[in-house]
């Protein structure tokens, strides 16, 4: 009996839980609402990671809630499903599986599904000063294109809650619009003077409701949204979206497109990480370092454009493979330019690592402890820099990552310097993967016919910032009835406040830059 | 200790010369479709494949509304349209305020404002300062506060929650002031359109003078747009006929 079968047997004995094996080779637990928290903890104890929470409205007021879990190393997948009726709450799991905290807050705000026992519901996606209560945008009876009452919320004079009661304590708002090139979002810093004691993130100023406006649209139209809600990880999200569709259609894509997808995704990762490093140098006032980083970033963008047709890889991923094949000239160019860029990137990294004035600002700064990273389910390079060996490319390989597995770059300190080292080493790793995947490319089509109707599936990728899960449900015409984008930004912003609490004011922008987070990815 | 000054001097000047008449360095721009003459059925097929309505049939061929083109590349290819690798894209809107003249021509302060952009526009707007482009040689500077700004550079479809902050920033700017909407989202809402969460473009909230089409517009196109605001670049056509 293997581990999975043992789990199945063990789960069968849990009260209020039905266990099935579904067609996609995962376990499906159907639970009564009261059994969900125990079951979630039970899975957590068996090293299953919380992936994402998906809610769909089955009938007016009735909801089906899916909790997705996966085993980080073996890639086994388990889903918990629970039905909730109108006016009934679902017991919260966020007090015990804290990574689900923001997922529950979002669900409450957008669907009106209440999580009993959750301490902070309301004012999350829909801000209280803008939106009246009892509007649930994700329910089917809500028309996203109609005009809705605005600016008449519950509390027009909304003020953030303040916890710090010291003499002279104040709450310092950063945002919602930022100086220079910050993405919009409000960060409230509570301080008695110099040290940040508490930080509250109030995001979703950039909420564009992509999951709602995609409803009823055919996938090729929604794909434009999947690419453009978070432009600097466009290919990653488009890929997860396409993989979900391919999984519904049961389509196997060609070997050539599987490998080229690795090439595209890794080139995007190189550029994304380079942006983070350039911004980190800029945040510490290292102007020459920032300029050199941006120069390399621009070169990577140009390389992307000349080989793939768009600087941000828009319009490349399609269900069934890739929209266009890479011409031979592009492949040759990648084979020559990547090896010539790498020594320059490595040299730049070495200079950063020996600049004491720069290191002083990032070492032991913005520490995310391994415990916190685990508690919040932090993903991607930020999680790996805090000792979490999590990478979907290895755990749940997709595209051609089963043949080209990356080495997972793990550091233990969880500070800004650890994050910088992870970003630098992952660039090297990506370059290696690109060259390997370009090695023996079979010549065949890169686009397989892919017509998906009536079904649902989860697609996932290791986006540059970490694990991304896109869940799609299509109707009989192949149009979207529900799409959920579970993004790394959403996961990691949740934990961000832990790292600035205790830091000095001037370190705030540096810690922020070292996280490399995207607000657009969070806000959707 | 890395000697950054020495490293930097050794590398020499990395800024690229720019002349509109000369081809841009490869990869600088994603390019965009070129209006073309063709028979009606071919034009109708192309207009059909365009998901945003940027390609429109106009006898005898296809015309392009650049304010809608998001470079999805679906019209590109053997049977599709030819693409043009240029970057002078900004258009001075009809009836808008004229260019800032006088001393602004060599000292323009710009406030970038993210009104719900995906990150692509911000990525490109950040790079106008990269060594290859070197914004400062034009006398253009990025400023943090709207009170010091002559020009507001807006990206994103303007989400409902950012409507107020955008208006506040605009009102805090001293006269004379100009607004540039960069990217298709800021022009008309782009793929997000007008919905419960998005206003459908900057012009719904503040008066827009110049638009820079593109998804996202590359750094060179942004610089051209900023130069246009001070009368140092030419205005491109918003819609081009075959």
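Laboratory data are not the source of any read-out in this text; all were calculated from the coordinates shown. In this text, all values refer to a predicted model and were calculated from it rather than measured experimentally. In this analysis, Cβ positions are derived from the backbone assuming ideal geometry, glycine residues included, and neighbour counts consider all displayed protein chains.
Pop the C-beta distance of residue A:95 and residue A:180 into the FRET formula with R0 = 45 Å and round what comes out to the nearest 0.05.
Details: r = 38 Å, r/R0 = 0.85.
According to the calculation, E is roughly 0.70.
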Pairwise FRET efficiency - residue A:449 versus residue A:337, Cβ, R0 = 35 Å, nearest 0.05: 0.55
Sorted largest first, extent of chain B alpha carbons per principal axis (Å): 62, 45, 37
In range of the label at residue A:64: residues from the stretch A:467-485 whose backbone nitrogen is under 15 Å from the point 7 Å along Cα→Cβ: A:471-476, A:481-484
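Would you mind calculating the gained length between residue B:107 and residue B:172 on full extension (0.36 nm times residue separation, minus the Cα-Cα distance), in nm to one decimal?
Details: separation 65, 0.36 × 65 = 23.40 nm, distance 1.93 nm.
21.5 nm is the gain from fully extending residue B:107 to residue B:172.
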Extent along principal axes [Cα atoms of the stretch A:363-449; Å; largest to smallest]: 50, 24, 17
For B:18, A:401, order by how many other beta-carbon atoms lie within 10 Å, fewest first: B:18, A:401
Theoretical FRET efficiency, 1/(1+(r/R0)^6), r = Cβ-Cβ of residue A:408 and residue B:41, R0 51 Å, to 0.05: 0.40
Histogram of C-alpha separations across the stretch B:1-115, 10 Å bin width, %: 10, 26, 27, 20, 11, 4, 1
Inter-centroid distance (Cα atoms) of the stretch A:162-192 relative to the stretch A:47-108, Å: 32 Å
Between the stretch A:318-377 and the stretch B:76-130, the Cα center-to-center distance that results, in Å: 28 Å
DSSP-defined antiparallel bridges as percent of all bridges, the stretch B:91-234, nearest 5: 15 percent
For the protein assembly as shown, convex hull volume per residue from C-alpha positions, Å³: 161 Å³
Neighbour-count ranking [beta-carbon atoms within 10 angstrom, fewest first] of A:498, A:96: A:96, A:498
Kirkwood hydrodynamic radius of the stretch B:91-234, from inverse mean 1/r over distinct Cα pairs, in Å: 14.7 Å
Distance from the stretch A:414-432 to the stretch B:202-239 (C-alpha centre basis), Å: 37 Å
Relative pair counts by distance (%), Cα atoms of the stretch B:32-84, 5 Å bins: 5, 25, 39, 25, 7
Rounded to 5, the percent of DSSP beta bridges in the protein assembly as shown classed as antiparallel: 75 percent
Whether the stretch A:410-494 is rounded, prolate or oblate, judged on the alpha carbon gyration tensor where a/c under 1.5 counts as rounded: oblate
Nearest 10 degrees, 0 to 90: helix B:219-229 Cα axis against chain B principal axis: 80 degrees
Residue exposure sequence - B:204, A:268 - by fewest surrounding Cβ within 10 Å: B:204, A:268
Prolate/oblate/rounded label for the stretch A:256-402 (Cα gyration tensor, a/c 1.5): oblate
